[in-house]
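Below: the structure, in structure tokens.
What follows draws every value from the coordinates through simple rules; no lab data is involved. All values derive from a computational prediction rather than experimental measurement. Here Cβ is always computed from backbone atoms with ideal geometry, including for glycine, and neighbour counts include all displayed protein chains.
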There are 2 protein chains.
Amino acid sequence: MNIGQAADATGVSAKRIRYYEQVGLLEPAKRSDAGYRVYTAPDLHTLRFIQRARRLGFSLPQVSELLALWHDRGRSSRQVKAVAMKHVDELRSKIDELQSMVDTLTHLAIRCDGDERPDCPILHDLERSES
Amino acid sequence: MNIGQAADATGVSAKRIRYYEQVGLLEPAKRSDAGYRVYTAPDLHTLRFIQRARRLGFSLPQVSELLALWHDRGRSSRQVKAVAMKHVDELRSKIDELQSMVDTLTHLAIRCDGDERPDCPILHDLERSES
DNA sequence: CTTGACCTTCCCATAATGGTAAGGTCTATG
DNA sequence: CATAGACCTTACCATTATGGGAAGGTCAAG
């Protein structure tokens with residue numbers, strides 16, 4: 001199976017597959033006589049694993065950790081859970097940060113008339129000197 | 001006032017100030033005889049405006065829009081509110097996306113024993129073939 | 001006049017892709 | 001068999017906003 005078919009089968013673009021190989025997330029694929037990368041069922045399995053981990057927001061280094069644990073028959077579920085929960089903590093921090101932006105902005109926007117007049121608490125807040 | 005002092009006074013690093021000038025967010029600063037950038041009170045005001053907008057998560061193009069509106073005496077608060085609310089929508093989308101990752105992961109992690117055994121629903125989910 | 005703290009520009013790196021160009025390969029059809 | 005078109009290869013550039021560092025000029029204090 002060529003890279004295009006692997007991409008179609010997994011939802012990971014050919015570009016990404018090559019990149020993952022380049023940065024060492026994937027073992028270099030076998031090549032055909034012409035130098036084409038050749039993929040087999042286990043490769044697709046790995047690609048889908050990566051795809052799902054990426055969709056859950058894991059960074060490539062984290063995905064790399066997860067792949068290693070996945071292949072490590074001697075792993076403990078504790079290790080896996082630790083990676084996942086660390087990521088959850090990061091996600092929650094990010095959410096809190098974004099939410100506080102939303103809170104501030106909606107608080108300001110509520111007081112903005114949104115009409116033809118120029119006066120606006122949003123700009124007023126942005127130009128205030130403190131902080 | 002030199003760039004270092006302007007940086008200290010506004011919380012915008014010298015590096016960032018130069019970058020903002022380079023990408024056109026800021027007017028090129030006046031220069032001293034020696035070629036040093038020189039900043040005055042209104043410049044600091046603008047830098048603080050940018051700093052606050054950035055902290056609220058506005059992208060540099062959005063900050064640019066806000067700066068233009070700020071300087072436009074003929075602006076309507078409607079325009080300002082539109083920029084802000086569009087950003088709020090983007091933030092909320094991002095929050096929803098991150099929250100659904102958190103939900104999925106916590107759901108999986110709850111069922112992970114987190115002990116010395118290798119079996120783990122998190123890896124199990126990542127390697128499942130669907131999706 | 002030297003030292004140290006500034007400033008300047010320029011280049012590199014980051015994270016994880018997408019786009020494109022130049023060129024080789026494979027396959028189906030005329 | 002030749003050729004077109006769909007594929008593949010590598011290599012380079014762009015993205016976003018920032019930090020780091022080097023090489024070299026400037027300024028103020030001692």
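Pick from B:Arg48, B:Arg18, B:Arg54: which is within 16 Å of DNA strand D (Cβ to nearest atom), free of Cβ contacts under 8 Å to residues at least 12 places away in the same chain and assigned to a helix (DSSP H, G or I)?
On inspection, the qualifying residue turns out to be B:Arg54.
Is there a residue in segment A:116-128 that is more than 7 Å from chain B (Cβ to nearest Cβ), of a type in the set (A, V, I, L, M, F, W, C) and part of a helix (DSSP H, G or I)? Let's see the steps before the verdict.
Of the residues in segment A:116-128, the ones more than 7 Å from chain B (Cβ to nearest Cβ) are A:121, A:124-125, A:128.
Remaining after also requiring of a type in the set (A, V, I, L, M, F, W, C): none.
So far as segment A:116-128 goes, no, none of its residues is more than 7 Å from chain B (Cβ to nearest Cβ), of a type in the set (A, V, I, L, M, F, W, C) and part of a helix (DSSP H, G or I).
Does B:Leu98 count as surrounded by 12 or more Cβ atoms within 10 Å (Cβ to Cβ), within 16 Å of DNA strand C (Cβ to nearest atom), within 10 Å of another protein chain (Cβ to nearest Cβ) and closer than 30 Å to A:Ala6 by Cβ? So that I can check it myself, show each step before the final result.
Details: surrounded by 12 or more Cβ atoms within 10 Å (Cβ to Cβ): yes; within 16 Å of DNA strand C (Cβ to nearest atom): yes; within 10 Å of another protein chain (Cβ to nearest Cβ): yes; closer than 30 Å to A:Ala6 by Cβ: yes.
Spelling it out, B:Leu98 is indeed surrounded by 12 or more Cβ atoms within 10 Å (Cβ to Cβ), within 16 Å of DNA strand C (Cβ to nearest atom), within 10 Å of another protein chain (Cβ to nearest Cβ) and closer than 30 Å to A:Ala6 by Cβ.
Being more than 9 Å from DNA strand D (Cβ to nearest atom), in contact with a Lys or Arg (Cβ under 6 Å, 6 or more places away or on another chain) and under 25 Å from A:Ser100 (Cα atoms), is that true of even one residue in segment B:25-42?
no
Per-residue answers, yes or no, for (1) within 11 Å of DNA strand D (Cβ to nearest atom); (2) in a helix (DSSP H, G or I); (3) surrounded by 20 or more Cβ atoms within 10 Å (Cβ to Cβ); (4) more than 14 Å from chain A (Cβ to nearest Cβ):
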residue: B:Gln5; (1), (2), (3), (4): no, yes, no, yes
residue: B:Leu44; (1), (2), (3), (4): no, yes, no, no
residue: B:Pro61; (1), (2), (3), (4): yes, yes, no, yes
residue: B:Ala68; (1), (2), (3), (4): no, yes, no, no
residue: B:Gly74; (1), (2), (3), (4): no, no, no, no
residue: B:Arg78; (1), (2), (3), (4): no, yes, no, no
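Which residue is nearest to A:Gly74 (Cα to Cα), if the candidates are limited to segment B:101-131 and must be aliphatic (A, V, I, L, M) and surrounded by 15 or more Cβ atoms within 10 Å (Cβ to Cβ)?
Of segment B:101-131, the ones aliphatic (A, V, I, L, M) are B:101-102, B:105, B:108-110, B:122-123, B:126.
After this cut, where a residue has to be surrounded by 15 or more Cβ atoms within 10 Å (Cβ to Cβ) as well, the list is B:101-102, B:105, B:108-109, B:122-123, B:126.
Values: B:Met101: 27, B:Val102: 27, B:Leu105: 22, B:Leu108: 20, B:Ala109: 19, B:Ile122: 16, B:Leu123: 14, B:Leu126: 18 Å.
My answer is B:Leu123.
Would you say A:Arg48 is at the interface with chain B (Cβ under 10 Å from one of its Cβ atoms), within 12 Å of DNA strand C (Cβ to nearest atom), of a type in the set (Lys, Arg) and more than 30 Å from A:Asp125 (Cβ to Cβ)? Before the answer, list the steps.
Details: at the interface with chain B (Cβ under 10 Å from one of its Cβ atoms): yes; within 12 Å of DNA strand C (Cβ to nearest atom): no; of a type in the set (Lys, Arg): yes; more than 30 Å from A:Asp125 (Cβ to Cβ): yes.
When the stated conditions are applied, A:Arg48 does not pass them.
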